[in-house]
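Data block below; observations after.
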Protein chains: 2
Amino acid sequence: MSAKNAFYAQSGGVTAVINASACGVIETARKHSDKIANVYAGRNGIIGALEEDLIDTSLESAEDIAALKNTPSGGFGSCRFKLKSLEDNKVEYERLIEVFKAHNIGYFFYNGGGDSADTCYKISQLSEKMGYPVQAIHVPKTVDNDLPITDNCPGFGSVAKYIAVSALEASFDVRSMAKTSTKIFVLEVMGRHAGWIAAAGGLIEDEGIPVVILFPEIEFNKDKFMAQVDAKVKEYGFCTIVVSEGTHWPDGKFLAEQGTRDSFGHAQLGGAAPVVANMIKDALGYKFHWAVADYLQRAARHLASESDVEQAYALGQKAVEFALEGDNAIMPTVDRISNDPYEWKIGKAPLSEVANVEKMMPMDFITEDGFGITQGCKDYLYPLIKGEAYPTYKDNGMPDYVTLKLQSVDKKLEIFEV
Amino acid sequence: MSAKNAFYAQSGGVTAVINASACGVIETARKHSDKIANVYAGRNGIIGALEEDLIDTSLESAEDIAALKNTPSGGFGSCRFKLKSLEDNKVEYERLIEVFKAHNIGYFFYNGGGDSADTCYKISQLSEKMGYPVQAIHVPKTVDNDLPITDNCPGFGSVAKYIAVSALEASFDVRSMAKTSTKIFVLEVMGRHAGWIAAAGGLIEDEGIPVVILFPEIEFNKDKFMAQVDAKVKEYGFCTIVVSEGTHWPDGKFLAEQGTRDSFGHAQLGGAAPVVANMIKDALGYKFHWAVADYLQRAARHLASESDVEQAYALGQKAVEFALEGDNAIMPTVDRISNDPYEWKIGKAPLSEVANVEKMMPMDFITEDGFGITQGCKDYLYPLIKGEAYPTYKDNGMPDYVTLKLQSVDKKLEIFEV
């Protein structure tokens, strides 16, 4: 069998460690140049394949590829672009196969969440049907931690570490100030549908911090919430609240959509954190501070979890090795062996069982009152935030993050409008 | 001369490194037990002195005192409490001297910003007049970086590093997503009166990031701002905006006070970041994300600057050494010797020249268009974010921050109502 090329693309919201997976894919492919001639990366994800805008990774130095492991964000660009169903837009899938054929691509590595797993699965099926079979491997990635079968998803562990540490630091701050000033700190975190990230904020309870969590899984009950917060302030003198952006009222309306209007009467987009903070001020009178972490949390490579970086790399590496062993339509997974000591290995799952399946947070990870996390949840989370994988820093104090050359391969096909 | 006790208190908003100064004071005092018998810390700052609630630091282990150097926040509690003028409330100053006398306190180390420097100066003067002279030394601290004479203020360097690194990471994220999704990232930072912290965000320009800064020193001009942002998006595909919480319109009204009202018509407190983000969306149509760092920035010991931690410690250490050499009514300062290599030493300034003097950011640190920082500003900032002084972490992935025992000394005086 003569060597084929591989295609790699990043999909959806990027993370602190998706580039570590890219590094794992490319470094491993380079070790097998007899079978994988070159890795072409899609510029801005799958759009790069549709537009035949392929980045020639062979032009990137070994040092720069290695530096990807320490660099947050999507080094090749990502996109929010969901291919329609095969029935609705077969032409896009056919275009992908056409591009793969034109560039002798036999391996498709797609680094993303649930939607990408579905796309990856379809590519595998369709390429077979179209007589140009491509081995399609999905490399998991999502801070939402909602892919099935795998114990956890790369990107999540680092966000969890960032939120746990940041919430702890801000709580120490509030504790210092509470006697005469701020008594409430509200931190808003990502997670529209699942409370995984908010749950990580709950770990600060083990550090002696009074914390109340608002999960998207639990309908917001203002009276119960105020009673919780007030009790904590009365006992500890202060209270930290971690609120998921997806927290909503019983009617499904997000807390963040408070019907707030600016001076012109326009509906104003705000965060859940200021809404919760102002609500506490109105009900209980406590002085507050609030923060919205937004992209800071998922981009915080400076505080990445070592477990997360290692797993992200290993999943990229194994994706290539599985492909070379003949696997197709699979996703490498993190399989947890034990919590303490934390041991894991890379397994694999068929994409037929991954595509369109969303893993929710188990309800027994949330305490009965709905405002905290259980020991089972803590046992699950701690290994994922274990270890510190610091990036290198330059002499001037800034991190040494890499920006690649990103040179395109010559096009061979007609222009395709995405 | 028989040994006297020392009093140490933390004042105002706490920082990632104020405890490093506390560590410097206490460790140095312990080395001179022939002259300083014990260090009493005020519980919750100067209120602890007024209420005679003195923490006996001799009951804290050497390990715990050393761990303060790695722990953010105010380990003894701080307060927002400004003593009135001598004329308006002489009784408070007299009470302080009475407490110092009752506990044989001959040294007063006050760790804070401009207001505290003033208090410290008055204590020195009044104690002399009252026939119980106390050596009063001010240990500088403020993320606002607005104390005079000293090159910079402990706490600022670490905030600057956190903001520069976080803005860079989030910008890499936006750059990855910009093709199909978010093109604008707005980061709100502290600094109601001075743009020092916002300026630190400007360092990401040297990393190839298009950044527009909104300073409190520059009146907000919406048209000029939109033109800047639009030009950057057209050239780079995305743009990062760092907005100081103190950014205001020509009439002095803060951007954050947009006259926003909730569904009940109550004025809504929001941040400047969502206001700026929505304004860009309305004017230019670009999709945005925004973050408000708030306490996360000043508490981020996990990313403290090594320069900052070392200076914070050295200032606490020198405060004690200066006192033992007989100094009074002074503040140890950071004196910059050279930028590259970065060299500094500890000097001293008379409190008469520090109290009630606010150091503003030089206007030649801001570019002519009002949206960026000059090379002079960068040359000033880089040394302050140099080096990484990581805290230690526990095996479970959380930082090993210390919470002290905080046991009080027995009271000897009548109760005093603050």
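Key figures
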| read-out | value |
| --- | --- |
| Evaluation of B:ALA160 against (1) open to solvent by 10 Å² or more (accessible area, probe 1.4 Å); (2) under 13 Å from the mean Cα position of the chain (by Cα) (one fails), failing number | (1) |
| One residue from A:SER181, A:SER166, A:SER176, A:SER171 being facing another protein chain (nearest Cβ under 9 Å), at pLDDT below 95 and either under 23 Å from A:VAL276 (Cα atoms) or crowded, with 24+ Cβ neighbours inside 10 Å (or both) | A:SER181 |
| Residue under evaluation B:LYS287, criteria (1) crowded, with 23+ Cβ neighbours inside 10 Å; (2) more than 7 Å from every other protein chain (Cβ to nearest Cβ); (3) more than 22 Å from B:ILE26 (Cβ to Cβ), criterion not met | (1) |
| Members of the range A:219-248 that are more than 14 Å from chain B (Cβ to nearest Cβ), of a type in the set (Val, Ile, Thr) and under 22 Å from the mean Cα position of the chain (by Cα) | A:THR247 |
| Residue satisfying condition, being within 14 Å of chain A (Cβ to nearest Cβ), buried (at least 24 other Cβ atoms within 10 Å of the Cβ), touching a residue at least 24 places away in the same chain (Cβ under 8 Å) and in a helix (DSSP H, G or I), within set B:GLY12, B:GLY48 | B:GLY48 |
| Candidates A:ASP340, A:ASP294, filtered to the one that is within 14 Å of chain B (Cβ to nearest Cβ), closer than 30 Å to A:ALA167 by Cα and at pLDDT below 95 | A:ASP340 |
| Filter result for the condition that a residue is of a type outside the set (Lys, Arg), modelled with pLDDT of 95 or more and touching a helix residue (DSSP H, G or I) at 6+ places or on another chain (Cβ under 6 Å), over B:GLY387, B:GLY326 | B:GLY387 |
| Of residues in the range B:78-93 being hydroxyl-bearing (Ser, Thr, Tyr) and closer than 22 Å to B:LEU54 by Cα, the one nearest to the other protein chains (Cβ to nearest Cβ) | B:SER78 |
| Every pair of residues 6+ apart whose Cβ atoms lie under 6 Å, when the first sits in the range B:362-385 and is under 18 Å from A:LYS394 (Cβ atoms) while the second is open to solvent by 50 Å² or more (accessible area, probe 1.4 Å) | B:ASP379/B:ASN339; B:PRO383/B:ASN339 |
| Candidate set: the range B:184-199, residues that are farther than 17 Å from B:ALA300 by Cα and small (Gly, Ala, Ser); chosen: the one surrounded by the most Cβ atoms within 10 Å (Cβ to Cβ) | B:ALA199 |
| Some residue of the range A:26-44 being hydrophobic (A, V, I, L, M, F, W, C), in a loop (DSSP other than H, G, I, E, B) and modelled with pLDDT of 95 or more | no |
| Residue in the range A:132-145 that is more than 14 Å from every other protein chain (Cβ to nearest Cβ), over 24 Å from the mean Cα position of the chain (by Cα) and either closer than 30 Å to A:PRO383 by Cα or polar (S, T, N, Q) (or both) present | yes |
| Residue count, the range B:200-229 (criterion: free of Cβ contacts under 8 Å to residues at least 40 places away in the same chain, among the charged types (D, E, K, R) and open to solvent by 40 Å² or more (accessible area, probe 1.4 Å)) | 2 |
| Residue check, A:GLN407 among the polar types (S, T, N, Q) and within 14 Å of chain B (Cβ to nearest Cβ) | no |
| Count - residues of the range A:359-391 that are more than 10 Å from chain B (Cβ to nearest Cβ), of a type outside the set (D, E, K, R) and either buried (at least 22 other Cβ atoms within 10 Å of the Cβ) or on the phi < 0 side of the Ramachandran plot (or both) | 16 |
| One residue from B:SER33, B:SER58 being hydroxyl-bearing (Ser, Thr, Tyr), open to solvent by 10 Å² or more (accessible area, probe 1.4 Å), over 18 Å from B:ALA312 (Cβ atoms) and out of contact with any strand residue (DSSP E or B) (no Cβ under 9 Å at 6 or more places or on another chain) | B:SER33 |
| In the range B:61-77, residue surrounded by the fewest Cβ atoms within 10 Å (Cβ to Cβ) [restricted to those that are within 14 Å of chain A (Cβ to nearest Cβ) and part of a loop (DSSP other than H, G, I, E, B)] | B:ASN70 |
| Residue among A:ILE330, A:ILE337 that is farther than 18 Å from A:SER124 by Cα and under 23 Å from the mean Cα position of the chain (by Cα) | A:ILE337 |
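Conditions tested, residue by residue: (1) more than 14 Å from every other protein chain (Cβ to nearest Cβ); (2) open to solvent by 10 Å² or more (accessible area, probe 1.4 Å); (3) closer than 15 Å to A:ASN70 by Cα.
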residue	(1), (2), (3)
A:ALA314	yes, yes, yes
A:PHE322	yes, yes, no
A:ASN328	yes, yes, no
A:MET331	yes, no, no
A:ASP335	yes, yes, no
A:PRO350	yes, yes, no
A:ASN356	yes, yes, no
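The values are calculated or read from the model by the stated rules, or taken from the named source; none is laboratory data. A quick note: this is a predicted structure, and the numbers were derived from the prediction, not measured. Quick reminder, even Gly has a Cβ in these numbers, built from the backbone with ideal geometry, and neighbours come from all protein chains shown. Surface accessibility is based on the protein's heavy atoms, side chains included, excluding ligands, DNA and RNA. Shrake-Rupley method; radii C 1.70, N 1.55, O 1.52, S 1.80 Å.
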